[in-house]
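Q: Attaching a single structure in structure tokens format; questions to follow.
Derivation of every value follows stated rules applied to the coordinates shown; laboratory data play no part. Because the structure is predicted, anything quoted here is derived from the model rather than measured. All Cβ positions, glycine included, derive from the backbone under ideal geometry; neighbour counts span all protein chains shown.
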Amino acid sequence: MEEGFNAYRQSLESEEQSIKSTQSVVEQAIAWFRAHSMFVLAYGTGCGAIEMPPTFTSRYDIERLGVVGVATPRQADILIVSGYCSPKTLKRVIRSYEQMSDPKYIIGLGSCTINGGMYWDSYNTIKKLDDFLPVDMYVNGCMPRPEALIEGFVKLQEKIRLNSSEAGYIKYRDNYAHYRANQERLFGAQVAPSYEENFAGMN
């Protein structure tokens, strides 16, 4: 018991030393709390959605790391794009991401989010998610097992604790014209779903 506590204390001390000295104690505390209270949007976009439920069940129990699922984008910090993504799905993913409040992060789950994976030559799937939305952490594989997804969360937590200025939401805000141009190249000027047209006759 004592050995385990000492090992945990040493890991925390080494973690603290690695954090930039320019951060105040309050900033360090906020970053630590943020890294250990990650709310994931329950939105399975592709075949990786099959690997996500076991990650939250008792066998892997990712909740012990402070990761929980939520129902709406406005409650979420993390968006997992879980595998292949068609243009029709991507439009909804963009809408969901833009409804999330800062700070927010994206995990690209599976090879399809990196280079198209097994659908690299398909006309109906995107090849590189980072062209349209900023990806903070990739988890490669087809499909990655729950252990790999957990490792991706651990690495993302490290990145959040360091308060990295390279966070995706900052990148998206500072380079919005670039992302918007790529989105419009795929969808035209109407990137978001046209809810106004869909519900025009309901009043």
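Q: For the range 127-182, just the Cα atoms, rotate onto the principal axes and tell me the three extents in Å, largest first.
A: Taking the Cα atoms of the range 127-182, the three principal extents are 36, 29, 8 Å.
Q: A follow-up question, please. With a cut-off of 8 Å between alpha carbons and a minimum separation of six or more residues, what is the relative contact order of the range 57-141 in percent?
A: 29 percent
Q: Note down the relative contact order for the range 24-191 as a percent, whole number, built from C-alpha pairs under 8 angstrom at least six residues apart. Walk me through the numbers on the way to the answer.
A: Working: 284 pairs, mean separation 38.6, N = 168.
Reported relative contact order: 23 percent.
Q: Now for a different question. Separation between the Glu166 and Ala49 pseudo-spin-labels, each 7 Å from Cα along Cα→Cβ, expressed in nm?
A: Taking the two extended label points, one gets 3.2 nm.
Q: Let me know the shape class of the range 24-191, please: from the alpha-carbon gyration tensor, a ≥ b ≥ c as square roots of the eigenvalues, rounded when a/c is under 1.5, otherwise prolate if a/b is greater than b/c, or oblate.
A: Verdict is oblate for the range 24-191.
Q: In addition: Tell me which lysines have Cα within less than 26 Å of Lys91's Cα, excluding those fewer than 8 residues away on the same chain?
A: Within reach: Lys104, Lys127, Lys128, Lys171.
Q: Now for a separate question. Give me the number: length gained by fully extending Arg59 to Gln190, i.e. 0.36 nm times residue separation minus the C-alpha to C-alpha distance, one decimal in nm.
A: Between Arg59 and Gln190, full extension yields an extra 42.8 nm.
Q: In a shell of Cβ-Cβ distance under 14 Å around Gly116, excluding Gly116 itself, what net charge do Lys and Arg (+1) and Asp and Glu (-1) give?
A: In short, -1.
Q: While we're here: First measure r as the distance between the Cβ atoms of Ser122 and Tyr176, then evaluate 1/(1 + (r/R0)^6) with R0 = 41 Å and state the FRET efficiency to the nearest 0.05.
A: Working from the Cβ atoms, E equals 0.90.
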